[in-house]
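Provided herewith is a single structure, encoded as structure tokens, for subsequent inquiry.
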Amino acid sequence: MENNNVIKVAGLTKMFGDFTAVNAITFDVKKGEIFGFLGANGAGKTTAMKMLIGISTPTSGKATVAGFDVNTQPEQIKKTIGYMSQKFALYDDLTVRENITFFGGIYGLSREKIKSKAAILIDELGLENVANKLVGSLPLGWKQKLSFSVSLIHDPKIVFLDEPTGGVDPITRRQFWELIYKASHQGTTVFVTTHYMDEAEYCDRVSIMVNGKIEALDTPKKLKERFKVDNMNDVFLKLARG
Amino acid sequence: MSIIVSNISKSYKKVKALQNISFNVKSDEIFGLIGPDGAGKTTLFRILTTLLIANKGAASIAGFDVITDYKSIRKNVGYMPGKFSLYQDLTVQENLQFFATIFGTTLEENYDLIKDIYIQIEPFKNRRAGKLSGGMKQKLALCCALIHKPKVLFLDEPTTGVDPVSRKEFWEMLKRLQGKNITILVSTPYMDEAALCDRIALIQDGQILEIATPEAIVKKYSKAIYNLSANNMFELINSLKEYKHNHSVYPFGEFVHYTDCRPDFNPTELKVFLESKNLTNIIIERTTATIEDTFMELSK
Amino acid sequence: MKRFIGFIKKEFYHIFRDKRSLFILFGMPIAQILLFGFAITNEINNVDIAILDHSKDAATKEIINKIAASKYFSIHQFIEKEDDIEAVFKKGKVKAVLNFEKDFSKNLIKENNAKIQVITDATDPNTANTISNYVNAILQNYLKEQNKSSAQVYQIVSQTHMVYNPELKSVYMFVPGVMTIILMLVSAMMTSISITREKELGTMEILLVSPLKPIQVIVGKVFPYIFLSIINAIVIVVLSIFIFKMPVQGSLFLLAMESVLFIITALALGILISTISATQQTAMMISLMGLMLPVILLSGFIFPIASMPLPLQIISNIIPAKWFIIILKSIMLKGVGLQYVWKETLILLGMAVFFIGLSVKKYKIRLE
């Protein structure tokens, strides 16, 4: 069981001067789990995630991601994880195929591997007709799905999603979640940070951060039972309002 | 009628942003435009606030035509654009004063209108707007839009990117504005906010799918919806999609929302089918439709 | 009116709270003027030269002494044969070699014709040109003295006299140019950026959906920059007078008025740029490429218009900076009054009216 945890965090802390952005957080994430990392803007989500993906050094505490220490092996972490953010996803001025090739190249995939990956990916997303079109010309929902698939191109053990599905229509959004379920089914751990509470309902487990601390961590169902409410939004409201 | 929109169409080059949009908003009503990014909400707001001219159709705000009487409209409406972020380098106080002066009024003149909101941000009145939290910025922006006591308030996605607590407070403020002779047209991509409006229009790809009260919209959903869950979400969705009688299969939080084509649908039969797919812990139970279900059904 | 004052107040808040822009606004003119005044110059001072003297007689000695005594040259070394010339240049320090022919004095006295070869390092053509001119001037000077002592020799010596800038001080040329650039930059670029910033922030939508008239918004945005540009103009003039001893022969009042006229033209251009660009970045690019480069290249500031190809000469006429530089030079250096620059002033005025008209017309009361 212990070995099944792909992310292990113990007392992770980040200070900026006197300000404690992340205050001794502790949690584990299992292999293949969809883990929701929730919190309001400024609660410390982004800071915590930056430490986990190896681009920010913790002030104190320990964390391992896919078996690598965030303090000493950030480069190995970067190789074994995928990352997708709504802010930066793909290059609008490259075609679908060029984007896939480029990101495949970044992760050191061989030429043949990229070619076969691209073919599978384009087929799965039904992008055959637009494979040679600029990504900028695609609808937002398509871009997000493509961006997610590209973040999985090197078969990472864990994929980090930073507020992935804001603003798309409900159907596209569900198609996106179906992709996430698929990745999780295939053994990829999915770590989602978001402040959209309805997105939390889709996760296996969620943690809710308030002012740098994890105030709750459980399955959405149990959290709703505990707070006697019927959606995650109200769970959050109860937590944040004390 | 406070807002009358009839047959508005607007195209940008090849893209049809709006196609034959018509609706009316009564005085003192909170009317919600619900739809995803790119549905045409912002274009519609810009046409109604006289910033754009429609290719076709007509609209009037508080009795003024959006094209010929645009000057009168500009005196009588309050507007919070989608990406509106105030002047980051001015303080709360300076922002308010600026908007008061350009509308030829003062903070004191309509103080009772914004009082409820203003007292929440007053402790920070000497702080720069850029240093405020998302929720505080939203409140300040609302104050600025209300400062001249507009007849109609246009709020384009006021709660996008704002945390749940601030969203809730924001809607509470809007509710309080009702009964003060202000008509509110608000847009949002969050389906759960629709229930807070008096009436809503569901909009996608430049077309209105439905206009009604939130309750009526949900009632219009004719099919029986079932909540399904099982030990493996991915296999469950795939199996349901294979099931030949399915009408719709949508992941919905911890469940899958399922509807069947047949009027005499038997859940037990489905359970047997799912068990044959090696799924366990299967739960099938009736549930009620949400606005999101309706939206997906209508846009299918 | 109250609305308008409120608007201007807000603009000043923006300007004074943006420390970086403020620094650019006032630091740049000072830096530029000092840079141009001290570092970039056409004058030569203490240029190292080498001498190859084949005669070593009285005349060459006197000429060499004259050259050595001048502040323009310092004699770096004497070489003995032609073969050394190239080697000396290759070392890079020496910029010119003077090669006196054999029997220089004898030839000069007997045949009235002695030869001296001036070899310059033309990798920097401007300096090379200046060096040879200066050497010639020294030689002419020497000849003149010789002719004075021996009355029988008549020789026509061409004499150049530089008026208005007798010492050929390059700062006299740069001050009007720099002033033009700065005023153009501050007025056009800063206004276009500040207007597009409101577009980017989305506040422009609010301003449009308000009872403010378009003209109030434009003038409100522009007014603070008129004020700042005038301060900048004053700073530049004061700096050039006190640090570089730049004369202002003409009327300061006329100078001020002409500057205001140019500032207004530039502001109108700034507004025009803001109407066609959606982001601050585009506005900046257009201002730099579309305004700065023509001002630097085609206004006659650095490259004389008269020596440009005809098409460029024609294009230079539509560049407001060209006329402003002419006006500035006339007032500052020649000390003339309006009666001599009325034509240029009229052209500038016409441009100002045209650009203001165009930008007011192009400024939209709606978003498209």
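So which pairs qualify, if the first residue must be in segment B:156-168 and more than 8 Å from chain A (Cβ to nearest Cβ) and closer than 14 Å to B:Asp192 by Cα, the second must be assigned to a loop (DSSP other than H, G, I, E, B) and not polar (S, T, N, Q), the Cβ gap must be under 6 Å, and the two must be at least 6 apart or on different chains?
Filtered contacts from segment B:156-168: B:Glu157/B:Gly82.
Condition check ((1) closer than 25 Å to A:Tyr202 by Cα; (2) open to solvent by less than 20 Å² (accessible area, probe 1.4 Å); (3) assigned to a helix (DSSP H, G or I)) across all residues:
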site	(1), (2), (3)
A:Leu12	no, yes, no
A:Phe35	yes, yes, no
A:Gly61	no, no, no
A:Lys79	no, no, yes
A:Leu109	no, no, no
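Then there is this: Looking at segment C:205-217, can you tell me whether even one residue there is touching a residue at least 40 places away in the same chain (Cβ under 8 Å), exposed (fewer than 15 other Cβ atoms within 10 Å of the Cβ) and assigned by TED's automatic domain parsing to the domain that holds C:Ile327?
Within segment C:205-217 (the criterion being touching a residue at least 40 places away in the same chain (Cβ under 8 Å), exposed (fewer than 15 other Cβ atoms within 10 Å of the Cβ) and assigned by TED's automatic domain parsing to the domain that holds C:Ile327), the answer is yes, since at least one residue qualifies.
B:Leu279 versus (1) out of contact with any strand residue (DSSP E or B) (no Cβ under 6 Å at 6 or more places or on another chain); (2) modelled with pLDDT of 95 or more; (3) hydrophobic (A, V, I, L, M, F, W, C): which is the lone unmet condition?
(2)
So for segment B:170-179 (the condition being crowded, with 24+ Cβ neighbours inside 10 Å and of a type in the set (Gly, Ala, Ser)), does at least one residue qualify?
no
Being more than 8 Å from every other protein chain (Cβ to nearest Cβ), part of a loop (DSSP other than H, G, I, E, B), open to solvent by less than 40 Å² (accessible area, probe 1.4 Å) and closer than 19 Å to B:Ser27 by Cα is the filter here; which residues of segment B:48-83 pass it?
Those that are more than 8 Å from every other protein chain (Cβ to nearest Cβ), part of a loop (DSSP other than H, G, I, E, B), open to solvent by less than 40 Å² (accessible area, probe 1.4 Å) and closer than 19 Å to B:Ser27 by Cα: B:Ala62, B:Val66.
Now for a separate question. Would you mind stating whether C:Lys245 is outside any helix (DSSP H, G or I) and assigned by TED's automatic domain parsing to the domain that holds C:Phe7? I'd like the intermediate steps shown before the answer.
Working: outside any helix (DSSP H, G or I): yes; assigned by TED's automatic domain parsing to the domain that holds C:Phe7: yes.
Considered against the rule, which asks whether it is outside any helix (DSSP H, G or I) and assigned by TED's automatic domain parsing to the domain that holds C:Phe7, C:Lys245 comes out as yes.
Please give the number of the condition A:Ser149 fails out of (1) at pLDDT below 90; (2) in a helix (DSSP H, G or I); (3) in contact with a helix residue (DSSP H, G or I) (Cβ under 7 Å, 6 or more places away or on another chain); (4) among the small types (Gly, Ala, Ser).
In the conditions (1) at pLDDT below 90; (2) in a helix (DSSP H, G or I); (3) in contact with a helix residue (DSSP H, G or I) (Cβ under 7 Å, 6 or more places away or on another chain); (4) among the small types (Gly, Ala, Ser), A:Ser149 misses (1) alone.
For residues that are more than 14 Å from every other protein chain (Cβ to nearest Cβ), in a helix (DSSP H, G or I) and among the small types (Gly, Ala, Ser), tally how many sit in segment C:1-53. If you could, list the steps in order and put the result at the bottom.
Taking segment C:1-53 as the starting set, the residues that turn out to be more than 14 Å from every other protein chain (Cβ to nearest Cβ) are C:23-53.
Filter once more, keeping what is in a helix (DSSP H, G or I): C:23-39.
With among the small types (Gly, Ala, Ser) added as a condition, the list becomes C:27, C:31, C:37, C:39.
Residues meeting the conditions: 4.
Among B:Thr106, B:Thr101, B:Thr160, which is open to solvent by 10 Å² or more (accessible area, probe 1.4 Å), of a type in the set (Val, Ile, Thr) and under 30 Å from B:Lys26 (Cβ atoms)?
Working: B:Thr106 fails: under 30 Å from B:Lys26 (Cβ atoms); B:Thr101 fails: under 30 Å from B:Lys26 (Cβ atoms).
Answer to the check: B:Thr160.
Among the residues of segment A:163-179, are any away from chain B (no Cβ under 14 Å) and either at pLDDT 90 or above or touching a His at 6+ places or on another chain (Cβ under 7 Å) (or both)?
Scanning segment A:163-179 turns up no residue that is away from chain B (no Cβ under 14 Å) and either at pLDDT 90 or above or touching a His at 6+ places or on another chain (Cβ under 7 Å) (or both).
Also, quick follow-up: Go through segment B:84-124 and give me each residue that's among the aromatic types (Phe, Trp, Tyr) and in a helix (DSSP H, G or I).
Quick first cut of segment B:84-124, residues among the aromatic types (Phe, Trp, Tyr) only: B:84, B:87, B:98-99, B:103, B:111, B:118, B:124.
B:Phe98, B:Phe99, B:Tyr111, B:Tyr118, B:Phe124, listed by residue number.
Hey, another quick one. State yes or no: is B:Val25 over 22 Å from C:Lys364 (Cβ atoms), crowded, with 22+ Cβ neighbours inside 10 Å and under 20 Å from the mean Cα position of the chain (by Cα)?
Details: over 22 Å from C:Lys364 (Cβ atoms): yes; crowded, with 22+ Cβ neighbours inside 10 Å: yes; under 20 Å from the mean Cα position of the chain (by Cα): yes.
Judged against the criteria, B:Val25 is a match.
Kindly indicate the residue of segment B:111-157 that is surrounded by 18 or more Cβ atoms within 10 Å (Cβ to Cβ) and β-branched (Val, Ile, Thr) and also farthest from B:Leu90 (Cα to Cα) among those meeting that condition.
B:Val152
Next question, about the same structure. Quick one: C:Glu11 ticks every box in (1) within 28 Å of the chain's Cα centre (by Cα); (2) outside the structural domain of C:Ile131 (by TED's automatic domain parsing); (3) at pLDDT 85 or above; (4) open to solvent by less than 20 Å² (accessible area, probe 1.4 Å) except a single one, so which number is it?
Result: C:Glu11 fails condition (1) only.
Of everything in segment C:107-131, what is charged (D, E, K, R), under 19 Å from C:Ile67 (Cβ atoms) and open to solvent by 70 Å² or more (accessible area, probe 1.4 Å)? Give them in sequence order. Walk me through how you get there before you give the answer.
Step one: list which residues in segment C:107-131 are charged (D, E, K, R), which gives C:110-111, C:115, C:121, C:124.
Now narrow it down to the ones that are under 19 Å from C:Ile67 (Cβ atoms): C:115, C:121.
Selection gives C:Lys115 alone.
Yes/no per residue for (1) open to solvent by less than 20 Å² (accessible area, probe 1.4 Å); (2) closer than 25 Å to A:Glu98 by Cβ:
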residue: A:Lys113; (1), (2): no, yes
residue: A:Gly126; (1), (2): no, yes
residue: A:Ala131; (1), (2): yes, yes
residue: A:Ser137; (1), (2): no, yes
residue: A:Phe176; (1), (2): yes, yes
residue: A:Lys213; (1), (2): no, no
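The values are calculated or read from the model by the stated rules, or taken from the named source; none is laboratory data. Keep in mind that this is a model prediction, so the values were computed, not measured. Note: ideal-geometry Cβ built from the backbone for every residue, glycine included; neighbour counts use all protein chains shown. The protein model used for the area step is the full one, side chains on, heavy atoms only, and it has no ligands, DNA or RNA in it. Shrake-Rupley method; radii C 1.70, N 1.55, O 1.52, S 1.80 Å.
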